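Chemist: Shown below is the structure under consideration.
Read the figures in this text as sums done on the coordinates, not as results from a lab. The structure displayed is predicted, hence computed values, not measured ones. Every residue, glycine among them, receives a Cβ derived from its backbone with ideal geometry; neighbour counts consider all protein chains shown.
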Amino acid sequence: MIRTLCFKERRYIEELRILTRATALDCIIDERFDRIVYLIKEGDMGLAIGRKGNNIRKMQRVLGKRVEMVEYSPDIENFTKNAFKPAGVTGVKRDDDGQLTVYVNKGELGIAIGKGGCTIEKARFMLSRYFDTELGEVLVGEEYA
C-alpha cells in the first residue's frame, strides 16, 4: 500500500527527526482533535519520548499542537496495544467479518476511549490505514477470558 505525504506532514516528520533523532514512519495531522500523531519506527519510542517526556513537550512547544506517538509493530495485536496506550489492552480478537474487538483492563475503559473518543478514533484510523481492518468494539477484559 503506497501512502503519499504532503509537504506539511514531511515537514513535521523532519522536525521530529531534528529534535529527537528518532525515525517517524508516518505523520497524521488530526484537525478534529487539534493534534499530530506520529507513527514511530519500532525500537525508537524511547528516543522519541525522551527523558521524562521532554521531547514530546519540546515538540508541542515548537509545533503549537498536542503531539501523540504510536510505536509501529508488524503484528496487529502489538500494534493495537501500542495505539491504545496508556490503557492496558488484555487481548485482541478478530471476528469472522474481519472486525477487531479490543479488550482492556477493568477501570481503564475511559482511558481507552479518550476524551471525546480521541483514542478510539486514532486507533480506528491507524488500523484501517496500516492493516486494512476495522475496529469493532472496545470491551472490559473480563469478557475476553
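Chemist: Can you classify the range 73-121 as rounded, prolate or oblate using the Cα gyration tensor, where a ≥ b ≥ c are the square roots of its eigenvalues, rounded means a/c under 1.5, and otherwise it's prolate if a/b beats b/c and oblate if not? Could you put the intermediate results ahead of the total?
Modeler: Working: a/c = 1.63, a/b = 1.51, b/c = 1.08.
Here the range 73-121 falls in the prolate category.
Chemist: If you don't mind, there's one more thing I want to ask. Out of the GluC sites (Glu not before Pro) in the range 25-113, which ones are loop residues according to DSSP with at most 12 other C-beta atoms within 10 Å?
Modeler: Details: sites: 31, 42, 68, 71, 77, 108; in loops: 31, 42, 108.
Within the range 25-113, the qualifying GluC sites (Glu not before Pro) (loop, at most 12 other Cβ atoms within 10 Å) are 31.
Chemist: Related question: Shape of the range 33-81 from its Cα gyration tensor (a ≥ b ≥ c, root eigenvalues): rounded if a/c is under 1.5, otherwise prolate when a/b > b/c, or oblate?
Modeler: Working: a/c = 3.02, a/b = 1.59, b/c = 1.90.
Since a/c reaches 1.5 but b/c is at least a/b, the shape of the range 33-81 is classed as oblate.
Chemist: Using a simple charge model, +1 on the beta-carbon of Lys and Arg, -1 on the beta-carbon of Asp and Glu, nothing else, what dipole does the chain show about its Cα centre, in debye to the nearest 20? Don't jump to the answer; show the numbers that get you there.
Modeler: Details: 25 positive and 23 negative charges, 230 e Å.
In debye, rounded to 20, the chain gives about 1100.
Chemist: How compact is the chain by the rule of thumb for globular proteins, expressed as Cα Rg over 2.2 N^0.38 Å? Mind showing how you got there, number by number?
Modeler: On the way: Rg = 15.3 Å, N = 145, 2.2 N^0.38 = 14.6 Å.
Taking N as the residue count of the chain, the ratio is 1.05.
Chemist: Can you sort 118, 6 from fewest to most other Cβ atoms within 10 Å of each residue's own Cβ? Before the final figure, lay out the partial values.
Modeler: Numbers: 118 18, 6 9.
Ranked by crowding around the Cβ, least crowded first: 6, 118.
Chemist: What's log10 of I(q)/I(0) for the range 7-71 at q = 0.12, 0.23, 0.30 Å⁻¹, Debye sum over Cα points only, no solvent?
Modeler: The Cα Debye sum returns log10 ratios of -0.23, -0.92, -1.57.
Chemist: Give me the distance in nm between label points sitting 7 Å out from Cα along the Cα-to-Cβ direction at residue 106 and residue 94, one decimal.
Modeler: 3.0 nm
Chemist: Using +1 at the C-beta of Lys and Arg and -1 at the C-beta of Asp and Glu, which of 80, 60, 104 has the Cα lying farthest in the positive direction of the dipole of the chain?
Modeler: Value computed over the given set: 60.
Chemist: Let me ask something additional. Helix 54-63 sits at what angle to the longest principal axis of the chain, using alpha carbons and giving 0 to 90 degrees rounded to 10?
Modeler: Helix 54-63 sits roughly 70 degrees off the main axis of the chain.
Chemist: If we count every other residue with Cβ under 11 angstrom of residue 15's Cβ, Lys/Arg +1 and Asp/Glu -1, where does the sum land? Please report the intermediate quantities before stating the final value.
Modeler: On the way: positive: 8, 10, 11, 17, 58; negative: 9, 14.
Result for the local shell: +3.
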